[in-house]
Amino acid sequence: MRRASRKHGAKRHIKRYVPLFKILVFLSLIGGIGWGIDKAVPHQHLPWRALDADRPVGLATKTQLFRVQLSPSQTCVNLALAAQDLSSVPADPKNVKDSPCGWGVARVHYGSGAVPLSPGEATMQCPLSLGSYIWSREIDTHAQKYLGADLSKIVHAGTYSCRRQRGNGSGAWSEHAFANAFDVTGFMLSDGRVISVLKDWDGDKDRRKFLRAVRDSACDIFRVTLSPDFNAAHKDHFHVDMGPSTSCR
């Protein structure tokens with residue numbers, strides 16, 4: 001009788017641990033799958049991996065860049081210093097009296113060694129600088145694909161302007177007020193051609209395809225991308241920014 005009781009007690013004891021065993025097996029399987037994914041899937045497609053600014057744009061690039069934006073500023077500075085061809089230096093802090101305009105930590109962004117900015121450098125918040133660096137390689141790829149030439153310069157209309165959003169009745173401050181937005185008006189190619197957002201958005205077929213591919217690639221990097229498709233105020237430039245909202249137009 002005692003043996004039967006002990007045997008029954010042992011079975012109950014084992015049953016108590018069966019659910020825990022199943023949980024451990026399940027977690028092990030999930031961990032194994034996660035490890036396999038981490039090894040097999042390219043870095044830029046995994047949102048939990050840190051941003052590598054020298055990798056191609058992937059499914060998780062935008063998320064990785066946004067995580068940089070939410071991290072301490074030194075994280076972005078370290079990534080900027082590690083980027084192989086990014087040309088930038090620290091910008092002096094800027095504060096504007098009686099307004100929220102300016103920045104604490106920013107970079108003077110010259111472009112890359114291969115693709116500088118024209119007519120010259122622009123001061124940007126550090127995550128915007130990283131995004132612009134990544135975008136320049138995507139633009140170069142599209143230039144080769146659609147126009148048969150390398151990208152030689154990015155033509156821009158600046159980043160910083162202490163102003164509110166235009167056409168917004170709320171009176172919200174523009175991301176330009178914080179050097180957190182970048183306006184690009186065109187692109188110079190290695191064969192001397194200049195592709196203009198204003199002149200070529202509805203122009204030659206290949207130029208149209210190029211500009212739309214450039215816009216679409218920006219949407220995979222920046223929080224906000226606005227093109228001539230958005231409104232008349234953007235008929236002559238692409239606006240990209242790392243503000244709190246999201247839009248791809």
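When Phe238, Phe210, Phe182 are checked against the criterion of being modelled with pLDDT of 95 or more and over 30 Å from Pro90 (Cβ atoms), a single residue qualifies: Phe210. Of the residues Gly186, Gly192, which is open to solvent by 30 Å² or more (accessible area, probe 1.4 Å) and within 22 Å of Pro116 (Cβ to Cβ)? Residue meeting the stated conditions: Gly192.
Candidates are the residues of region 114-137 that are surrounded by fewer than 24 Cβ atoms within 10 Å (Cβ to Cβ) and hydroxyl-bearing (Ser, Thr, Tyr); the one that is nearest to Lys62 (Cα to Cα) is Ser136. Within region 69-93, work out how many residues are outside any loop (DSSP other than H, G, I, E, B) and touching a residue at least 24 places away in the same chain (Cβ under 8 Å). Qualifying residue count, region 69-93: 11.
If you filter region 195-249 down to residues that are of a type in the set (Asp, Glu), open to solvent by 30 Å² or more (accessible area, probe 1.4 Å) and part of a helix (DSSP H, G or I), you find that the one that is farthest from Gln125 (Cα to Cα) is Asp206. If only residues of region 138-174 that are open to solvent by 60 Å² or more (accessible area, probe 1.4 Å) and among the charged types (D, E, K, R) are counted, the one that is nearest to Asp92 (Cα to Cα) is Arg164. Checking each residue in region 128-187 for being of a type in the set (D, E, K, R), in a helix (DSSP H, G or I) and in contact (Cβ under 8 Å) with a residue 60 or more places away in the chain picks out Arg137, Glu138, Lys145, Glu175. Of everything in region 35-68, what is open to solvent by 20 Å² or more (accessible area, probe 1.4 Å), touching a residue at least 60 places away in the same chain (Cβ under 8 Å) and in a loop (DSSP other than H, G, I, E, B)? Give them in sequence order. The answer is Pro56, Val57.
What about Ser136, is it hydroxyl-bearing (Ser, Thr, Tyr) and closer than 20 Å to Ala213 by Cα? Spelling it out, Ser136 is indeed hydroxyl-bearing (Ser, Thr, Tyr) and closer than 20 Å to Ala213 by Cα.
The values are calculated or read from the model by the stated rules, or taken from the named source; none is laboratory data. Here the structure is a predicted model, which means the values were calculated and not measured. Because the Cβ atoms are built from the backbone with ideal geometry, glycine has one as well, and the counts that use them run over all protein chains shown. These accessible areas exclude ligands, DNA and RNA; they are computed on the full protein's heavy atoms, side chains included. Shrake-Rupley method; radii C 1.70, N 1.55, O 1.52, S 1.80 Å.
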